[in-house]
Amino acid sequence: MKVELIVPNSLNEVTLGQYQKYLKLTELKDLTETQLSFKMIEIFCGVNAENVRLLKASDVTDIVNIISTMFESKPSLVHTFKMGGVEYGFIPNLDEMSFGEYIDLDTSVGDWDNMEKAMGVLYRPIEIRKGNRYTIKEYDAGDTEHLKDMPLDAVLGSILFFYHLGNELCQTMMNSLGQEEETLLQEYLNSEQNGVGIQAFTLSLNQILDDLKISLN
């Protein structure tokens, strides 16, 4: 029986949700490399287990190599993408990021299980567009489950962006907040109990990039 499948060779052909499923599997200590390759094809090529078993061993090796090479790429920041007929845009002005948005971003961007929540801060439906300029919908910390369908290049591109931005983002926030909010943010950043703030934020992103084997040079 001939098996037809589409092998992704670009990160914009993979969704955040697919990658989250894959990462869950990599955490299983009793999963062999062969089993992981099997599951990789299932997840990223969208085929069931029975069809994967029908593939030639040599084809499986080639497919896994293509997918693995894809994950070694270093995506640029993706400003806009379309999903479900809706165009989403990256937050156009970091100076206007609220204290609440910053905290939601900071507490979820280092956690792959909740990465869609971080993306809910960074990417929102575009309301008005004029050329390359646009405005996005007001931030709503509600359901972000739909963002698991967003392209992975947008996710990784934004992670790289914020890694390089680092302390500049924190300073931007400090400059844009009122005195009371600035005090709250400073307390948040210095909180040892939370284990969060810009230092942990940067360390979390660094760990993500190490796991992905993405070079920053």
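The values are calculated or read from the model by the stated rules, or taken from the named source; none is laboratory data. As the structure is a prediction and not an experimental result, all values here were calculated from the model. Here Cβ is always computed from backbone atoms with ideal geometry, including for glycine, and neighbour counts include all displayed protein chains.
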Subject >> Test result for Gly85, in the same structural domain as Glu145 (by TED's automatic domain parsing) and more than 17 Å from the chain's Cα centre (by Cα) >> reply: yes
Original post:
For segment 119-145, which residues satisfy the criterion of being in contact with a strand residue (DSSP E or B) (Cβ under 8 Å, 6 or more places away or on another chain) and not acidic (Asp, Glu)?
Top reply: Leu122, Tyr123, Arg124, Pro125, Ile126, Ile128, Arg129, Tyr134, Thr135, Ile136, Lys137, Tyr139
Original post:
Quick one: how many residues across segment 16-66 are more than 25 Å from the chain's Cα centre (by Cα) and among the acidic types (Asp, Glu)?
Top reply: 4
Original post:
Within segment 132-150, how many residues turn out to be in contact (Cβ under 8 Å) with a residue 60 or more places away in the chain and surrounded by 14 or more Cβ atoms within 10 Å (Cβ to Cβ)?
Top reply: 3
Subject >> Residue in segment 25-33 that is part of a helix (DSSP H, G or I) and in contact (Cβ under 8 Å) with a residue 12 or more places away in the chain present >> reply: yes
Subject >> Residues of segment 40-61 that turn out to be at positive phi and touching a Pro at 6+ places or on another chain (Cβ under 9 Å), as a count >> reply: 0
Subject >> Selection from segment 46-75 of residues that are under 22 Å from Gly157 (Cα atoms), touching a residue at least 40 places away in the same chain (Cβ under 8 Å) and surrounded by 11 or more Cβ atoms within 10 Å (Cβ to Cβ) >> reply: Ile66, Ile67, Met70, Phe71, Ser73, Lys74, Pro75
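How many residues are among the aliphatic types (A, V, I, L, M) and part of a strand (DSSP E or B) if we restrict to segment 112-123?
0
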Subject >> The listed residue being in the same structural domain as Met97 (by TED's automatic domain parsing), in a helix (DSSP H, G or I) and either surrounded by 13 or more Cβ atoms within 10 Å (Cβ to Cβ) or not aliphatic (A, V, I, L, M) (or both), out of Ile159, Ile126 >> reply: Ile159
**OP:** Answer yes or no as to whether Leu23 is buried (at least 17 other Cβ atoms within 10 Å of the Cβ), closer than 22 Å to Ala154 by Cα and not β-branched (Val, Ile, Thr).
**Re:** no
Original post:
Among the candidates Glu87, Glu42, which residue alone is surrounded by 13 or more Cβ atoms within 10 Å (Cβ to Cβ), among the acidic types (Asp, Glu) and touching a residue at least 40 places away in the same chain (Cβ under 8 Å)?
Top reply: Glu87
**OP:** Mind telling me which of the residues Asp95, Asp106, Asp59 ends up being outside the structural domain of Asp143 (by TED's automatic domain parsing), at pLDDT below 95 and assigned to a helix (DSSP H, G or I)?
**Re:** Asp59
